[in-house]
Amino acid sequence: MKHPICPRCDSPEAVKSGIVNDRQRYRCKKCGYYFTVNKLGKHIDSYYVTKALQLYIEGISYREIERILGVSHVSVMNWVRKYKIKAPEQTAYHPTYKILNHGELVEYIKNGGNLKGAGMMITELGDKYMMIKWKRFRE
Ligand SMILES: [Zn+2]
């Protein structure tokens with residue numbers, strides 16, 4: 001996970017601070033709290049659960065979700081089961097995603113051509129934005 005969020009104060013500004021028990025440890029620059037990425041508070045949990053389920057519904061694979069969010073694909077599978085999520089079968093559209101900072105996002109949207117022929121969802125991800133687009137197969 002590139003930009004972990006502090007479980008105590010929700011700040012996305014944490015710096016790497018050693019490895020503890022095979023887990024990357026971070027220190028929050030704002031409040032000084034130490035945490036490891038797998039030690040997720042309840043609040044953070046629901047943040048990532050929602051993001052993970054959104055991606056799942058959009059047809060993104062467990063492994064890809066793991067790569068995007070930094071939560072294990074096993075956790076994602078458990079959440080899908082727990083919340084009884086069923087993703088519709090997708091054949092005509094396939095999702096692609098980009099992680100952009102605010103400036104890049106503005107630039108991207110400025111170009112109207114990028115918005116044509118595709119659905120789009122933008123969701124916050126730490127201090128960046130994730131944009132999911134759907135493109136029709138066989139244009
Ligand atoms: Zn903090």
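From the phi of every residue in region 79-89, what ³J(HN,Hα) in whole Hz does the Karplus formula 6.51 cos²θ - 1.76 cosθ + 1.60 yield, where θ is phi - 60° and glycine or proline is x?
Each residue's phi maps through the Karplus curve to give 5, 4, 5, 4, 9, 6, 8, 10, 7, x, 5 Hz.
Please work out the FRET efficiency for the pair LYS110 and GLU66, using the Cβ-Cβ distance as r and a Förster radius of 25 Å; give the result to the nearest 0.05.
0.20
Based on Cβ point charges of +1 for Lys and Arg and -1 for Asp and Glu, what charge dipole magnitude is obtained for region 40-89 about its Cα centre, in debye rounded to the nearest 20?
Dipole about the Cα centre, nearest 20: 200 debye.
So what are the radius of gyration and Dmax for the Cα set of region 40-89, in Å?
Every Cα atom of region 40-89 included, Rg and Dmax give 9.9, 33 Å.
Taken together, the values in this text are just the output of simple stated rules run on the coordinates, not laboratory data. Keep in mind that this is a model prediction, so the values were computed, not measured. Because the Cβ atoms are built from the backbone with ideal geometry, glycine has one as well, and the counts that use them run over all protein chains shown.
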